[in-house]
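Engineer: For reference, the structure I am asking about is given below.
The values are calculated or read from the model by the stated rules, or taken from the named source; none is laboratory data. Here the structure is a predicted model, which is why all the values come from computation and not from measurement. Neighbour counts run over all protein chains shown; Cβ positions are idealised from the backbone, glycine included. Note: areas computed on protein heavy atoms with side chains; ligands, DNA, RNA excluded. Shrake-Rupley method; radii C 1.70, N 1.55, O 1.52, S 1.80 Å.
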Amino acid sequence: MDDSEVINFLLQTEIIPLCLRIMETGSELSKTVATFIVQKILLDEMGLNYICATAERFYAVSTVLSNMVAVLVEQPSVRLLKHIVRCYLRLSDNLRAREALRQCLPDSLRDKTFGNALKDDVTVNRWLTQLLFNIGENQSPS
């Protein structure tokens with residue numbers, strides 16, 4: 001069984017609403033696992049298309065991610081932030097989602113709010129720079 005078959009199966013279940021609920025209310029570990037599952041779904045083309053197929057699905061995911069970022073401003077977790085940034089970066093691969101992210105990407109990901117927390121994580125910094133480039137911010141990818 002390949003990843004696409006697994007993703008297809010998961011999309012037929014209530015996994016995304018369940019993960020979103022956990023991402024909002026779970027412990028840090030539960031949030032990290034749920035965000036990782038959403039990230040894996042997004043990394044598959046079928047999963048990305050599914051989440052971006054309707055504005056309702058996209059905004060459900062992006063709103064939860066945004067709320068999580070707001071919490072991380074107060075209580076940083078690099079491990080969780082890494083998965084959130086990767087989710088946003090993958091969403092930015094979809095044209096309609098990219099347009100929407102220009103409006104709804106949290107300011108704390110656009111400015112240097114997480115600069116200190118991410119100073120030693122080259123990968124997340126690269127993802128964040130690419131995300132900002134994808135949505136048309138004035139930074140170029142390194």
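Engineer: Determine whether Tyr50 is under 26 Å from Gly136 (Cβ atoms), aromatic (Phe, Trp, Tyr), touching a residue at least 40 places away in the same chain (Cβ under 8 Å) and in a helix (DSSP H, G or I).
Structural biologist: No.
Engineer: Residue check, Gly136 against (1) open to solvent by 60 Å² or more (accessible area, probe 1.4 Å); (2) more than 22 Å from Ile16 (Cβ to Cβ); (3) not β-branched (Val, Ile, Thr), all met but one. Which one?
Structural biologist: The number of the failed condition is (1).
Engineer: Scan segment 64-83 and report the pairs whose first residue is in contact (Cβ under 8 Å) with a residue 12 or more places away in the chain and assigned to a helix (DSSP H, G or I) and whose second residue is aromatic (Phe, Trp, Tyr) and open to solvent by 30 Å² or more (accessible area, probe 1.4 Å), with Cβ atoms within less than 7 Å and a gap of 6+ or a chain change.
Structural biologist: That search, which allows pairs on different chains as well, returns His83/Phe36.
Engineer: Okay, moving on. Could you tell me whether Val122 is open to solvent by 50 Å² or more (accessible area, probe 1.4 Å), over 19 Å from Arg57 (Cβ atoms) and aliphatic (A, V, I, L, M)?
Structural biologist: In short, yes.
Engineer: Output the residue which, of all residues in segment 84-100 that are assigned to a loop (DSSP other than H, G, I, E, B) and more than 10 Å from the chain's Cα centre (by Cα), is surrounded by the most Cβ atoms within 10 Å (Cβ to Cβ).
Structural biologist: Asn94
Engineer: How about segment 1-32: which of its residues are within 20 Å of Val85 (Cβ to Cβ) and either surrounded by 15 or more Cβ atoms within 10 Å (Cβ to Cβ) or among the acidic types (Asp, Glu) (or both)? Let's see the steps before the verdict.
Structural biologist: Restricting attention to segment 1-32, the residues satisfying the condition of being within 20 Å of Val85 (Cβ to Cβ) are 16, 19-20, 22-24, 26, 28-32.
Result: Ile16, Cys19, Leu20, Ile22, Met23, Glu24, Gly26, Glu28, Lys31, Thr32.
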